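Peer 1: Handing you this structure, nothing more for now.
The values are calculated or read from the model by the stated rules, or taken from the named source; none is laboratory data. Quick caveat: nothing in here was measured; it's all calculated off a predicted structure. Heads up, the Cβs are rebuilt from the backbone with ideal geometry, glycines too, and the neighbour counts pull from every protein chain shown. Keep in mind that these areas ignore ligands, DNA and RNA; they rest on the heavy atoms of the full protein, side chains included. Shrake-Rupley method; radii C 1.70, N 1.55, O 1.52, S 1.80 Å.
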Amino acid sequence: MVQTGLHHVTAFSGPALRNLDFHTRVLGLRLVKKTVNFDDPGTYHLYYGDAAGRPGTILTFFPIEHAAPGRVGIGETQETAFRVPRASIGWWTHRFIEKGVAHEPLVQVFGAPTLRFRDPDGMMLALVGVDVGDAEGWASSEVPAEHAIRGLHGVTLLLDRAEPTAAILTEVLGLQEVGREGSLIRFAGSIELGGLVTLRAVGGFLPGRPGAGSVHHIAFRAADDAAQAAMGQALAARGLHVTEQRDRQYFRSVYFREPGGVLFEIATDAPGFAVDEPIEALGQALKLPAGLEPHRAEIEAVLPKVA
């Protein structure tokens, strides 16, 4: 079966060490890759996910030490949600109180308990309680496996109009509409991890402003280069500009702006995060692509120190 849905979500943050502490210690995610922004090697690119760094579990950040705050608006991702066991929502509520994490009262969204909160940069996140079956989470020093985040649940996009974006999701990216609730329209891919994209059409809001706490892009899965190329051709036939393929070391990517203004990426599943270090050692060393390796000393000299 073709696996359709999200591959990863990439956002901007403030200081790298604060970002790392919150997402690994407070949320209990695994740091699966410590590398740099290939387009700006003086900046880290940190990848968080599950034990194996599977597509559909990955949240990544470009940390910028003195970044100005972003503003969520039209043409941006409003919320990024993770899956947790349904029975663990109470445990997480108590944890957020204990750790002083800004959060909202528990609500039901499409029938699932949803705990919305913000990271230290104000990024809107949520934990959604679902039935996870036998899926095991990554056990960190503070978050036991039974309560651990299981991967991405989905994203909510803030748009002027929903219909043009919905057409791209269903006709090109392989998602299907599965429900409506108030101003929300939900689409689902073929897999549970990162399978949901929800559109919220709000009319004439201000456009978003990039900065700390804002999402740069969301990436959808392509099984391989051929599947990615087919999607690119379908987008071009609709008059959308698609970039050339770019090698991101752990996947190969093309980018485009969907009609609502959100930057979308299509990323291949292969080769994955174990291509340059074993799974048991993921995230421990600074990894650089071959083209940047000769400049390692200069790059390490300007990067802030993190664990």
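Peer 1: Go over the candidates 205, 220 one by one and state the one that is in contact with a strand residue (DSSP E or B) (Cβ under 6 Å, 6 or more places away or on another chain), of a type in the set (Phe, Trp, Tyr) and in a loop (DSSP other than H, G, I, E, B).
Peer 2: Working: 220 fails: in a loop (DSSP other than H, G, I, E, B).
Exactly one residue qualifies, and that residue is 205.
Peer 1: Would you check which residues across segment 168-187 are in contact (Cβ under 8 Å) with a residue 24 or more places away in the chain and either open to solvent by less than 70 Å² (accessible area, probe 1.4 Å) or in a strand (DSSP E or B) (or both) and list them? Write out each step before concluding.
Peer 2: Taking segment 168-187 and keeping what is in contact (Cβ under 8 Å) with a residue 24 or more places away in the chain, we get 168-169, 171-175, 179, 181, 184, 186.
Listed by number, the residues that qualify are 168, 169, 172, 173, 174, 175, 179, 181, 184, 186.
Peer 1: From 129, 122, 133, which residue is open to solvent by 50 Å² or more (accessible area, probe 1.4 Å) and of a type outside the set (A, V, I, L, M)? Walk me through how you get there before you give the answer.
Peer 2: Numbers: 129 fails: open to solvent by 50 Å² or more (accessible area, probe 1.4 Å); 122 fails: open to solvent by 50 Å² or more (accessible area, probe 1.4 Å).
That would be 133, the only listed residue that is open to solvent by 50 Å² or more (accessible area, probe 1.4 Å) and of a type outside the set (A, V, I, L, M).
Peer 1: Tell me which residues, restricted to segment 252-278, are over 28 Å from residue 200 (Cβ atoms), in contact (Cβ under 8 Å) with a residue 12 or more places away in the chain and in a loop (DSSP other than H, G, I, E, B). Before the answer, list the steps.
Peer 2: Here is the first cut: in segment 252-278, the residues over 28 Å from residue 200 (Cβ atoms) are 252, 268-278.
Adding the requirement that they be in contact (Cβ under 8 Å) with a residue 12 or more places away in the chain leaves 252, 268-276.
Selection gives 269, 270, 271, 272, 276.
Peer 1: Out of curiosity, is residue 95 out of contact with any strand residue (DSSP E or B) (no Cβ under 9 Å at 6 or more places or on another chain), of a type in the set (Lys, Arg) and surrounded by 15 or more Cβ atoms within 10 Å (Cβ to Cβ)?
Peer 2: Working: out of contact with any strand residue (DSSP E or B) (no Cβ under 9 Å at 6 or more places or on another chain): yes; of a type in the set (Lys, Arg): yes; surrounded by 15 or more Cβ atoms within 10 Å (Cβ to Cβ): yes.
Criteria met by residue 95.
Peer 1: Return the total of residues in segment 149-164 being farther than 16 Å from residue 5 by Cβ and either open to solvent by 10 Å² or more (accessible area, probe 1.4 Å) or outside any strand (DSSP E or B) (or both). Break it down into steps so the answer makes sense when it comes.
Peer 2: Keep residues of segment 149-164 that are farther than 16 Å from residue 5 by Cβ, which gives 149, 158-164.
Okay, now just the ones that are also either open to solvent by 10 Å² or more (accessible area, probe 1.4 Å) or outside any strand (DSSP E or B) (or both), so 149, 160-164.
Final tally of qualifying residues: 6.
Peer 1: Which members of segment 223-234 meet the condition of being part of a helix (DSSP H, G or I), closer than 11 Å to residue 252 by Cβ and open to solvent by 60 Å² or more (accessible area, probe 1.4 Å)?
Peer 2: Within segment 223-234, 225 is the sole residue that qualifies.
Peer 1: Here are some conditions: (1) farther than 14 Å from residue 45 by Cα; (2) of a type in the set (A, V, I, L, M, F, W, C); (3) open to solvent by less than 80 Å² (accessible area, probe 1.4 Å). Residue 288 meets all but one. Which one does it not meet?
Peer 2: Here residue 288 meets the rest and fails (1).
Peer 1: Then there is this: For segment 264-280, which residues satisfy the criterion of being acidic (Asp, Glu), under 17 Å from the mean Cα position of the chain (by Cα) and either within 28 Å of residue 208 (Cα to Cα) or open to solvent by less than 20 Å² (accessible area, probe 1.4 Å) (or both)?
Peer 2: Residue satisfying the conditions is 265 alone.
Peer 1: Okay, moving on. Identify all residues within segment 136-148 that are open to solvent by 20 Å² or more (accessible area, probe 1.4 Å) and not in a helix (DSSP H, G or I); write none if there are none.
Peer 2: Step one: of segment 136-148, the residues open to solvent by 20 Å² or more (accessible area, probe 1.4 Å) are 136, 138-142, 144-147.
Residues satisfying the conditions are 136, 138, 139, 140, 141, 142, 144.
Peer 1: I need every pair where a residue in segment 35-48 that is within 12 Å of residue 8 (Cβ to Cβ) has its Cβ under 9 Å from the Cβ of a residue that is of a type in the set (Phe, Trp, Tyr) and assigned to a loop (DSSP other than H, G, I, E, B), sequence separation at least 6 or different chains.
Peer 2: Hits for this filter: 45/38; 47/250.
Peer 1: Go through 23, 66 for me and flag whichever is part of a loop (DSSP other than H, G, I, E, B) and more than 19 Å from residue 253 (Cβ to Cβ).
Peer 2: On the way: 23 fails: part of a loop (DSSP other than H, G, I, E, B).
Answer to the selection: 66.
Peer 1: Can I ask one more? Which is of a type outside the set (A, V, I, L, M, F, W, C), at positive phi and open to solvent by 10 Å² or more (accessible area, probe 1.4 Å), of 283, 261? Steps first, please.
Peer 2: Numbers: 283 fails: open to solvent by 10 Å² or more (accessible area, probe 1.4 Å).
Exactly one of 283, 261 is of a type outside the set (A, V, I, L, M, F, W, C), at positive phi and open to solvent by 10 Å² or more (accessible area, probe 1.4 Å), namely 261.
Peer 1: Something else: Right, residue 116: in contact with a Ser or Thr (Cβ under 8 Å, 6 or more places away or on another chain), within 30 Å of residue 261 (Cβ to Cβ) and surrounded by 13 or more Cβ atoms within 10 Å (Cβ to Cβ) or not?
Peer 2: Details: in contact with a Ser or Thr (Cβ under 8 Å, 6 or more places away or on another chain): no; within 30 Å of residue 261 (Cβ to Cβ): yes; surrounded by 13 or more Cβ atoms within 10 Å (Cβ to Cβ): yes.
Answer is no for this residue.
Peer 1: Return the residues of segment 31-43 that are assigned to a strand (DSSP E or B), open to solvent by 20 Å² or more (accessible area, probe 1.4 Å) and not polar (S, T, N, Q); say none if nothing qualifies.
Peer 2: Passing the criteria: 31, 40, 41, 42.
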